[in-house]
Amino acid sequence: MGDELHFKSAGELSDLLSSGSVSSVEIVKAFINRVEAVDNSVKAFNSYDAEDALAQAKVSDERRVKGETLGELDGIPVGLKDNLAVKDQPLTCSSKILESFISPYDGTCIQKLKAKGAVLWGRLNMDEFAMGSSTENSGTHTTSNPWDLERIPGGSSGGSAAAVAACEAPVALGSDTGGSIRQPASHCGVVGLKPTYGRVSRFGLAAFASSLDQIGPIARNIDDAALLLNAISGYDSHDSTSIDIAVPNFRKAAADVSDRKWTIGLPKEYFEESSDPAAIMPVFDAIEFYKSQGFEFKNISLPRTEYAVASYYIIATAEASSNLARYDGIRYTSRAEDFDGKDSIDVYRQSRALGFGEEVKRRVILGTYVLSSGYYDAYYLKAQKCRTLIRSDFENAFESVDAIMTPTSPTPATLKGVHAEDPLAMYLSDIYTISANLAGIPGLSLPCGYVEGLPVGLQILGKPFKEEEIFRVGRIFEKAHAFKDEYPEL
Amino acid sequence: MSEERSIDIEKVADLARIALTNDEKSKLSGQLNSILEYINKLNELDTDDVEPMAHPHSVFNVWREDKAETGLPIQEALKNAPKQRQNMIVVPKVVE
């Protein structure tokens, strides 16, 4: 592997900037060149504005010369999933209905990144409105897995994970509603963290399912993920569901090597019912490694696991049907022109018919159905009660363990097209990740090996607001293995 | 939840304000019915005395100071409108 700047982590780039051996403009140029060289095949980006990125880098370099640098992220490019609002930049959610939308404001995490001098770098592809697990539901194009271009990168933050894996950005932000950071991170061999619900403000994140959505970091190592999480965390008066709780220094906490006796839970529902143990063999190897490091493992049960997918697809689609009602062809979305001047209801119907892709239509209609008169109690209320039980399973488990380990995904990345005609099969592939969203707890996916050349992720679930603990646990594995220094050949 | 419940695709698509082609209707109703069949699994779970959970944390009414804040300037707020005139969004006629 060469010594080029684009192969370096955000932490390494930050050190190079501090020592004065490289400028932010040089770093940004390296990433522009990298994208121009490989994104024809990876297709992680919906768009990028090279001139704007260079201008941001130039300002960062000028600050540094004057001794006014804004910290570790100053001058470091951060890729953005295309559902985060950046003032005067496109925000498409990979949907035709928002193809010409320009955001009039900055979301909170974007304001925070700007305040820390980060270079906002590109708009990354995703499943339309974050609905999907493969990035094949994008209304723009399909992204490829950098480890095998015939395969999916996972989703919905597939562009973010593929861009980081392909070294087109050192770090990126994604969003996770049912696994949309962790599963693509697992498929692309990078680190992805879904923070505790409420840790990061959702203001300026295009809403999919508001009680489940969280923004989080995707990176090539835990140190970078911790750095980015610190930049975006904290209470925000613009998001009434963000929680006013102290934000630790995650980077420092993740690097803590002091002795601690860890007890890890292995939920039998995640392992016994796994259809193909060979597909997740590196997860078993990782558990053996942790045992060799003195970790204690306990078999636990999360008995309501089998109801998580059903509960999730009621709650997520119900909230989506409500959130996506705003895309109506009237105020800020494409309008079906042929119907202009006709009944306003026809404008809604036709604009949404033209603007939404198949999966979005499917979920909005399912969500409308489960909320419709006469069915609310049977579906939405029932699912919310099941959600209480799923959370209490985790609360019980965390009384006797510090963290829980599972595979992130039942299989490595599949070939493109596998789930095209069978949405239920795609929904079921989220089985290991969605419970964390329902319970609101943090989850990390960490590269732990390969099956037939494809990356496999170990998922570490933690107690609410204990992201630093799962970083620490993950770091012990990361330090003893070389996965963070391995790159796909492109 | 009755076992034979099936989705009335015309009615629900109308509620969702999405025009569907006939092909979409038949494809979607088949898929949605199999998803609903799967979702009916939740009936196995006794939830009689369980409180519903709307949100992961116990956050109740969140108030802010009742102070005026500057909003987006009109032109910024309107810049994505598909049709506008005199600082207003042009819409189809809704009253006779």
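A few points about this structure:
- Accessible carbon and sulfur surface of the protein assembly as shown relative to its total accessible area, %, 1.4 Å: 49
- Here the sum of -39500 (n - 2.57) over DSSP H runs of 4 or more residues, divided by the residues of the protein assembly as shown, equals -11000 deg cm²/dmol at 222 nm, to the nearest 500.
- Kirkwood-type radius of region B:1-70, with distances r between different C-alpha atoms, in Å: 16.4
- The three principal axes of the Cα atoms in region A:253-399 give end-to-end lengths of 71, 36, 33 Å, sorted in falling order.
- Per-residue accessible area (protein heavy atoms, 1.4 Å probe) orders A:Lys361, A:Lys29 as A:Lys29, A:Lys361, starting from the largest.
- Under the Debye formula (equal points on every Cα, no solvent term), log10 I(q)/I(0) of region A:391-490 at q = 0.10, 0.21 Å⁻¹: -0.34, -1.13
- In region A:16-58, one over the average inverse separation of all distinct C-alpha pairs is 11.2 Å, which is the Kirkwood hydrodynamic radius.
- Chain B, relative contact order [Cα under 8 Å, separation at least 6], %: 18
- Virtual paramagnetic centre 7 Å along Cα→Cβ of B:Glu51, amide N under 13 Å, in region A:373-388: A:385, A:388
- Efficiency of FRET from Cβ geometry, B:Lys25 and A:Arg331, R₀ 22 Å, rounded to 0.05: 0.20
- Over 30 Å (Cα to Cα) - which of A:Lys382/B:Lys79; A:Lys194/A:Lys361; B:Lys27/B:Lys79 fall in this group: A:Lys382/B:Lys79; B:Lys27/B:Lys79
- Fraction of alpha-carbon pairs over 15 Å apart in region A:213-294 - percent: 74
- Coordinate range along principal axes, alpha carbons of the protein assembly as shown, Å, largest first: 71, 57, 52
- Placing a label point 7 Å from the Cα of B:Glu69 along the Cα-to-Cβ direction, the residues of region A:216-240 whose backbone N falls under 17 Å of that point are A:234-240.
- At full extension, A:Phe7 and A:Lys58 could sit 16.2 nm farther apart than now, given 0.36 nm per residue minus the alpha carbon distance.
- Relative contact order computed over chain A (Cα-Cα under 8 Å; 6+ residues apart), in percent: 17
- Solvent-accessible surface ranking, highest first, for A:Ser372, A:Ser258 at 1.4 angstrom: A:Ser258, A:Ser372
- Shown here: region A:312-422, whose C-alpha atoms stretch 64, 39, 25 Å along the first, second and third principal axes, sorted largest to smallest.
- Residue list for region A:419-435, given a label point 7 angstrom along the Cα-to-Cβ vector of A:Ser400 and an amide N cut-off under 19 Å: none
- Antiparallel content of DSSP bridges confined to chain A, in %, to 5: 65
- Per residue, in Å², the accessible surface of region A:75-156 once ligands and nucleic acids are set aside, probe 1.4 Å: 24
- Taking label positions 7 Å along the Cα-Cβ direction at both B:Asp8 and A:Ser100, the computed distance is 3.8 nm, reported to one decimal.
- Bridging of A:Lys66 to lysines at a Cα separation below 21 Å is possible for A:Lys58, A:Lys114, A:Lys116, once same-chain residues fewer than 8 apart are set aside.
- Among B:Lys67, A:Lys252, A:Lys385, A:Lys466, the order of accessible area from largest down is A:Lys252, B:Lys67, A:Lys466, A:Lys385, computed with a 1.4 Å probe on protein heavy atoms.
- On Cα atoms only, tilt of B:22-39 relative to the major axis of chain B in degrees: 60
- Label positions at B:Val59 and A:Ala37, each projected 7 Å from the Cα along the C-beta direction, are separated by 4.3 nm.
- You can think of it this way: the chain between A:Leu149 and A:Ile476 has 114.6 nm of extra reach, that is 0.36 nm per residue less the Cα-Cα gap.
- Rounded accessible area of A:Arg352 (nearest 10 Å², 1.4 Å probe): 10
- Förster-model FRET efficiency, 51 Å R0, A:Tyr376 and A:Ser47, C-beta, rounded to 0.05: 0.80
- All alpha carbon pair distances within region A:98-183 were sorted into 10 Å bins beginning at 0; the resulting P(r) in whole percents reads 18, 45, 32, 5.
The values are calculated or read from the model by the stated rules, or taken from the named source; none is laboratory data. Bear in mind the structure is a predicted one, so any value in this text is a computation, not a measurement. Glycine gets a Cβ as well: all are built from the backbone with ideal geometry, and neighbour counts include every protein chain shown. Calculation scope for accessible area: heavy atoms of the full protein, side chains included, ligands and nucleic acids excluded. Shrake-Rupley method; radii C 1.70, N 1.55, O 1.52, S 1.80 Å.
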